[in-house]
Amino acid sequence: MEETVKPDYTSISSLLVQAEDEKLLLPEFQRPFVWSVEQSKDLFDSIIRGIFIGTFVMSKPQFDLTCRAIDTRPRSGKGSRAKLNDVLYQSNEFEYSKIDVVLDGQQRITSLYRVLKGFDKVYFIFKKPQSIPLPSIEISDFDEIIESLSIKISEESFCIELSEVYKCATWKDKDIEKLIFNPLVERYEFLRENEELKDRYFDLLLDLKRLLYSKIQDKTLLSVFFLNMGIEKFCMFFERSNSKGTELSFIDIITAKIYKDFKLDREINKFKTKNKGILFDNAVIESFVRYFSFLKAKQVDRKTILTSLTGTDFNENWDETSKLYIKSYNFIESQKLIFKNEYISYKTMYIPMIHFLRNLPHKDFSQISSSQMDYFKFWLWGSLLNTRYGGGMIGSSNDIIVEDCKMLEKVAKGEKFTKDYLKKFKFDFKFEDLLELTSKGAIFVGIMSVLNYTNKFKNLGNDNLINYENQINIHHIFPSKYLEKNFSNESFENENSNSILNKMIIEKIPNIKFGEKAPSVYLHDLKNPQVDVCLQTHLISNAEELLNGNINYRQFIEDRSKLILEIIDVQLGGLKERFIKELDKN
C-alpha cells in the first residue's frame, strides 16, 4: 500500500454525522476531554466569523485498537464520573465499517459535538430591539443579528441555545415557531407584549438558522488529513504530531490496543509503587513490550508488536519480565558493570540482558559462570563503546536487539559468540578519538563503566569508594572557567576542555566551589591527605604533578589517554582476541 498523507476538506456537519453514527472514534490513549465551555464558545465564535478552525488528523489503523465515542458525560453532578465505554476494534473493522480514528483535533471535535447536540450550553444573544435591522434589510451576516455568544442565558436580551438552532435547521417554520420560539418568548416580557416585535424576532431566528446551517455545511472552515501509512510511521507521526495535547508515546498506543485484556497503566503504577528505587520510564516499559514481541515472534519492530501482541501475551509475561528486569538492573550495578543504570543511553539494551538471565539455570545470576560473565561484560561494554543500539551505520536497532538476544541465549546455554559476531565489536580507539568524546552518549558511559570496574573510583573528598546511590557529578578536572580565564578562546585547552579526558565522576561535594580555581588549588581545599590515591583510581597517574601545578593541560590529557586506552585494550580487546582464539581451537 502506498504511504501517503492525503489532505481533504469536509464540513462540520459531516463530522457530526460520523460521530453520531459512531463512525468517528477517539483512541483510548487520547487524553480526556478538557476544554471548558468558554473555550467551546470561542471556537464557535470563530466559526460564525468564518475563521478557519484548523486541521484534523484521522486514520484507519492497521492494527487492533481500543477506541471510544465522543465524551458526552455531564460536566458535573450525576454521571460526570461515569466510566467511558471503551471498545476493542479489530484491524479489519476500521476499513470494513468505514470508521475513522481521530489522532489530532479531539478537543475541537468533542466541543463541536457537545455544543451542537446540547450537552454543553452556548447561547446566541440577539441584539436589543433598538439595534435589530429593519425587515426590509436582507440578512447576510451573524453580526447583523447577534450581539454576542455566551455560556449563560440572558434575562434581558432574547437568546437561544445554539443546539436548538442547529436542531431545527431542516424543520418547517411553523414547527420552529411552535416548538422552539414560542416557549422562549414566554421568558421575555418585551416580546410577549409586542406582537410586531415578536414576529420580527421570529424572522431573525429563521435568518439565524439559515446562517448557522450554511456555516455547518461550509467545507472551507476546516481541513482533514487522512493518514494512509504503515504502522511504524503511524506511531512516529502520532508521537511527534500530537502537539495540541499532552505528549503521547508508543506506550499509550499499546495501552489502547490491549486495554480490554490487560490494564497496562495499572501494572505500571503497581511496579513503580513497589520498586521506588528502580528506573521505570517509558523507554524501559517499551523494552518490556519489545521483549514480549521477541518471545512471541522473534521480531521487535512496531509493526509486529501492533499486529501480533495481545493482552494475553502481557498477562503471560509481565510478572516474570518484571522480576528479570529488577535482577538485571541490580546485577549490573552491584557488579560494577555499569556505574549507574540511569546513564544507560539505550534502554533497549535491557532486552538482551533480560533474555540472557531468562536462559540461565534457575533464571538467576548466581548461576553465571566466569566464562559467561566475560561474554556478558564484553557484550555490555562493547555495545556501549560501539553505540550498537544507536542505529545509523551499524544498522537497525530492531535487528541488533534480535541478534543480541539470540547470541546471549547461546552463551547462557553454554555456547560461544560466533566469530562473525565478535568482528562487529571494534575497540581501536586512538588519542584523537578520546579527545573528541564528551560526557554525552553511550561511549562515555561505556568507558567510565570499564574504568570504574577496573579501578573502582574513589571520592575526592575522602578515601571512600563512590556511592552511586548519592548524587554524582561529571566533573571537569581542569575547570572550564579556569581554562577560559587563563587561555585564549581558540587555544588547544579551551577547544578541548569538554573532552572525556578532562572528565571524572565524583560524588557531589557540598560547600566546595571549583569555579576558576586551578586543580592544584581546589584539590588542596578538599583537605584529603589521600587525594593523590583517589586521583589514581580515576586514571590520573601524574597526581603529584597535578597537585603541585607542575603539569600542563596537553601533557595531562595525553598521559591520561594512554592509561584509558590500555585498559580498554586489556578489558575488551583482550577478551575479543581470547574468544576468537578459543573458537579457532575448535
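The values are calculated or read from the model by the stated rules, or taken from the named source; none is laboratory data. It should be emphasised that the depicted structure is a prediction, and the values quoted were computed from it without experimental measurement. Cβ placement follows ideal geometry from the backbone for every residue including glycine, while neighbour counts extend to all protein chains displayed.
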For region 335-416, which fully contained helices (runs of 4 or more DSSP H) count at least 3 residues that are in contact with a helix residue (DSSP H, G or I) (Cβ under 9 Å, 6 or more places away or on another chain), among the charged types (D, E, K, R) and over 19 Å from Lys323 (Cβ atoms)? 397-412
Has region 410-421 got any residue that is in contact (Cβ under 8 Å) with a residue 40 or more places away in the chain, of a type in the set (S, T, N, Q) and surrounded by fewer than 14 Cβ atoms within 10 Å (Cβ to Cβ)? yes
Tell me which strands (runs of 3 or more DSSP E) are completely within region 114-209 and hold 1 or more residues being touching a residue at least 12 places away in the same chain (Cβ under 8 Å), surrounded by fewer than 20 Cβ atoms within 10 Å (Cβ to Cβ) and of a type outside the set (A, V, I, L, M, F, W, C), or say none if there are none. 146-150, 159-161
Candidate set: region 90-113, residues that are out of contact with any strand residue (DSSP E or B) (no Cβ under 8 Å at 6 or more places or on another chain) and free of Cβ contacts under 8 Å to residues at least 60 places away in the same chain; chosen: the one nearest to Phe29 (Cα to Cα): Gln90
Lone unmet requirement of (1) surrounded by 15 or more Cβ atoms within 10 Å (Cβ to Cβ); (2) in contact (Cβ under 8 Å) with a residue 40 or more places away in the chain for Ala297: (2)
Residue within region 458-473 that is β-branched (Val, Ile, Thr), closer than 29 Å to Phe378 by Cα and modelled with pLDDT under 90 present: yes
Sort out which residues of region 417-449 are within 19 Å of His476 (Cα to Cα), touching a helix residue (DSSP H, G or I) at 6+ places or on another chain (Cβ under 6 Å) and not in a loop (DSSP other than H, G, I, E, B), and write them in order of number. Phe431, Leu434, Ala442, Ile443, Phe444, Val445, Gly446
Being in a loop (DSSP other than H, G, I, E, B) and out of contact with any strand residue (DSSP E or B) (no Cβ under 9 Å at 6 or more places or on another chain) narrows it down to one residue among Asn528, Asn498; which is it? Asn528
Within region 539-567, track down each residue that is closer than 17 Å to Phe487 by Cβ, β-branched (Val, Ile, Thr) and not in a helix (DSSP H, G or I). Ile551
